[in-house]
2 protein chains.
Amino acid sequence: MKIRQLFDYDTWTYTYLLWDEETKEAAVIDTVIEQVDRDMQHIEELGLNVKYLMETHIHADHITGAGPLRKRTGAEIVVHKNSESQCADILAEEGDVFKLGEQEIRILHTPGHTNTDITYLIDGAAFTGDTLLVRDCGRTDFQLGSNEDMYNSLTNKLFSLPEDTMVFPGHDYKGFTQSTIGEEKKYNVRAGEGKSYQDFSTIMDNLNLPRPRRIDIAVPGNLKCGNLDEE
Amino acid sequence: MKIRQLFDYDTWTYTYLLWDEETKEAAVIDTVIEQVDRDMQHIEELGLNVKYLMETHIHADHITGAGPLRKRTGAEIVVHKNSESQCADILAEEGDVFKLGEQEIRILHTPGHTNTDITYLIDGAAFTGDTLLVRDCGRTDFQLGSNEDMYNSLTNKLFSLPEDTMVFPGHDYKGFTQSTIGEEKKYNVRAGEGKSYQDFSTIMDNLNLPRPRRIDIAVPGNLKCGNLDEE
């Protein structure tokens with residue numbers, strides 16, 4: 001599976017293009033509405049046939065470009081079944097498998113940042129959305145986020161993957177682009193080696209983060225898949 | 001060879017960590033002085049033994065972290081022999097080869113953005129600095145830049161590499177993180193398929209870019225390898 005990482009500078013969001021080199025069947029994970037033209041041009045230049053537009057969760061910080069990209073590619077939108085999406089084509093749950101040619105994308109439910117978090121697994125790589133970030137993790141204080149779910153997703157689900165699994169996060173705020181499960185098990189500052197649930201929970205309860213600037217337009221916009229001109 | 005891409009948000013600069021998995025011998029390409037602590041922590045967590053701090057050119061937009069990182073790692077600083085560096089350990093030229101364990105980094109001289117541009121080649125990947133950018137190229141209007149050299153470096157030197165060679169640029173301003181030689185030969189908007197030298201030169205002569213904000217401190221700072229406290 002080929003992987004191409006793209007970055008939205010304004011929201012520090014990573015978008016991923018995945019494709020099977022043989023058939024050119026592709027998926028795009030976590031698009032950003034302002035980048036639809038860039039992404040579409042790149043998809044065309046690479047000669048890709050996009051089958052799936054996949055969301056790692058219902059985002060609070062940016063609006064997805066999935067709706068506009070569906071109109072231009074005919075691809076199906078995939079979100080977790082817990083979401084109240086008004087527009088997705090496929091409500092996915094743990095264990096579901098999507099195919100690009102002979103290559104597989106498997107679904108892991110990794111809640112904690114929200115209750116809709118999906119990690120997309122391919123051979124050798126995990127696209128962890130806002131659950132596992134490089135040396136960090138997503139916040140847990142809105143959209144049915146939960147310290148307990150997050151700690152379980154990190155330490156039981158994700159840290160059980162092979163140590164050399166590449167980790168591709170949904171965001172990064174320090175200039176990291178990727179990591180590995182082995183590194184995160186050891187060095188993740190919130191849930192890595194030696195951090196008990198109590199340690200983790202104390203860190204998370206004291207982050208004192210501001211409310212996301214765009215949450216009131218982003219969440220409803222994302223429940224409409226970024227189709228902002230539709231009722 | 002393992003590759004880890006890092007990003008400096010303020011100057012849109014990519015730094016690259018390369019290492020041989022077996023021996024952990026490593027090189028760092030194009031560091032940024034403000035990111036030395038981040039990079040050092042990452043180097044330590046990955047257990048790397050940095051042998052080389054490599055510059056793709058004498059930068060005009062940011063100051064290298066090579067000097068401070070040399071003090072902390074004992075690595076040697078590599079720049080092109082055309083530079084008037086007051087501090088480099090190795091003045092490299094085309095054809096030079098550096099080894100990390102059994103893996104090789106080869107030097108290609110790809111001037112045009114400056115007269116000191118190096119592309120670092122490893123098996124399957126090219127670190128092209130500000131010569132070849134994704135769908136773009138570096139400006140040619142200062143530091144002995146030259147349209148003719150740039151066109152030659154792009155179309156004769158770089159586009160002669162195998163088409164599936166991964167391209168890792170020195171900067172990106174649209175959120176691209178990598179490309180391939182095949183894509184750039186076809187779709188580079190300045191020097192790709194169908195663009196004559198005359199087309200290229202007309203584009204370059206009409207960019208009307210502002211003078212880099214930091215050039216007057218960056219260039220002298222880089223000629224001192226970022227050792228700003230030394231005479």
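Each reported figure results from applying straightforward, stated rules to the coordinates on display, with no laboratory input. What you see is a predicted model; the values in this text were computed from it and never measured. Cβ: placed from backbone, ideal geometry, glycine included. Neighbour counts: every protein chain shown.
Quick notes on this structure:
- Within the stretch A:44-64, the residues that satisfy the criterion of being closer than 23 Å to A:Met1 by Cα and in contact with a helix residue (DSSP H, G or I) (Cβ under 7 Å, 6 or more places away or on another chain) are A:Glu45, A:Val50, A:Leu53, A:Glu55.
- From the options A:Ile58, A:Ile122, A:Ile63, A:Ile43, residue that is within 14 Å of chain B (Cβ to nearest Cβ) and β-branched (Val, Ile, Thr): A:Ile43
- Residue tally, condition outside any helix (DSSP H, G or I) and in contact with a Ser or Thr (Cβ under 8 Å, 6 or more places away or on another chain), over the stretch A:149-174: 9
- Residue, surrounded by the fewest Cβ atoms within 10 Å (Cβ to Cβ), within the stretch A:25-40, restricted to residues that are farther than 9 Å from A:Leu100 by Cβ and away from chain B (no Cβ under 12 Å): A:Met40
- Qualifying positions in the stretch A:90-132 - farther than 11 Å from A:His57 by Cα, of a type outside the set (A, V, I, L, M, F, W, C) and touching a Lys or Arg at 6+ places or on another chain (Cβ under 7 Å): A:Glu93
- In summary, strands (runs of 3 or more DSSP E) completely within the stretch A:1-114 and bearing 3 or more residues that are in contact with a Gly (Cβ under 7 Å, 6 or more places away or on another chain) occur at A:2-8.
- Looking across A:Glu55, A:Glu104, A:Glu76, A:Glu94, one residue alone is touching a strand residue (DSSP E or B) at 6+ places or on another chain (Cβ under 7 Å), of a type in the set (D, E, K, R) and buried (at least 24 other Cβ atoms within 10 Å of the Cβ). It is A:Glu55.
- Number of positions in the stretch B:3-18 that are of a type in the set (Phe, Trp, Tyr) and more than 7 Å from chain A (Cβ to nearest Cβ): 3
- Once the stretch A:175-199 is narrowed to residues that are among the β-branched types (Val, Ile, Thr) and under 28 Å from B:Trp12 (Cβ atoms), the residue that is farthest from the chain's Cα centre (by Cα) is A:Val189.
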